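For reference, the structure is listed below as structure tokens.
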Amino acid sequence: QVQLVESGGGLVQAGGSLRLSCAASGSIFSISAMGWYRQAPGKRRELVATITPDGRINYGDSVKGRFTISRDNAKSPMYLQMNSLKPEDTAVYYCQAFGRYGGWGQGTQITVSS
């Protein structure tokens, strides 16, 4: 199994920035891709961004141009740099590892005040 631990959440004012980290441990060799998702109260979980080992990246429409996903190599943490944050970015952000032994992190709360 892959264990995922997110960090870096918190409270920020609109227009501010935050960086999330996701550290993977366990069967990391089985990870085919990683991603960030978020879920706001009363809403479905939605894609924020995904990244593959060969560097292919996909962003959700609502974060394009503001958020940047990165991961240096298979043993490195995954990061999400979030700039120009908006109140509608408020959500619990989850890290996901794709693959045979993939899974989800426990989530970290991001609150953007207006």
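For the condition surrounded by fewer than 17 Cβ atoms within 10 Å (Cβ to Cβ) and aliphatic (A, V, I, L, M), what is the one hit in Ala91, Ala23? Step through it out loud before you land on a result.
Working: Ala91 fails: surrounded by fewer than 17 Cβ atoms within 10 Å (Cβ to Cβ).
Criteria check complete, one pass: Ala23.
Residue by residue through the stretch 69-102, note down the ones that are of a type in the set (S, T, N, Q) and closer than 12 Å to Trp36 by Cα.
Pass one, the stretch 69-102, residues of a type in the set (S, T, N, Q): 70, 73, 76, 81, 83-84, 90, 96.
If the condition is that a residue be of a type in the set (S, T, N, Q) and closer than 12 Å to Trp36 by Cα, then Ser70, Gln81, Gln96 are the ones that fit.
Return yes or no: is Leu47 surrounded by fewer than 19 Cβ atoms within 10 Å (Cβ to Cβ) and aliphatic (A, V, I, L, M)?
yes
So, in the stretch 56-85, of the ones that are surrounded by fewer than 15 Cβ atoms within 10 Å (Cβ to Cβ) and in contact (Cβ under 8 Å) with a residue 40 or more places away in the chain, which residue ends up nearest to Ala14 (Cα to Cα)?
Of the residues in the stretch 56-85, the ones surrounded by fewer than 15 Cβ atoms within 10 Å (Cβ to Cβ) are 56-58, 61-62, 64-65, 72-76, 81, 83-84.
Then keep just the ones that are in contact (Cβ under 8 Å) with a residue 40 or more places away in the chain; that gives 74-75, 81, 83-84.
Numbers: Ala74: 33, Lys75: 33, Gln81: 15, Asn83: 10, Ser84: 7 Å.
Among those that are surrounded by fewer than 15 Cβ atoms within 10 Å (Cβ to Cβ) and in contact (Cβ under 8 Å) with a residue 40 or more places away in the chain, it is Ser84.
Go through (1) touching a Phe, Trp or Tyr at 6+ places or on another chain (Cβ under 8 Å); (2) open to solvent by 20 Å² or more (accessible area, probe 1.4 Å); (3) touching a residue at least 60 places away in the same chain (Cβ under 8 Å) one by one and return the number of the condition Gln13 breaks.
Every listed condition holds for Gln13 apart from (1).
What residue, of Gln106, Gln96, is assigned to a strand (DSSP E or B) and of a type outside the set (Val, Ile, Thr)?
Exactly one residue qualifies, and that residue is Gln96.
The values are calculated or read from the model by the stated rules, or taken from the named source; none is laboratory data. Note that the structure is predicted; figures quoted are calculated from it, not measured. No Cβ is skipped: glycine too gets one built from the backbone with ideal geometry, and neighbour counts run over all protein chains shown. Each accessible area value is taken on the protein alone, full model and side chains, heavy atoms only, with ligands, DNA and RNA left out. Shrake-Rupley method; radii C 1.70, N 1.55, O 1.52, S 1.80 Å.
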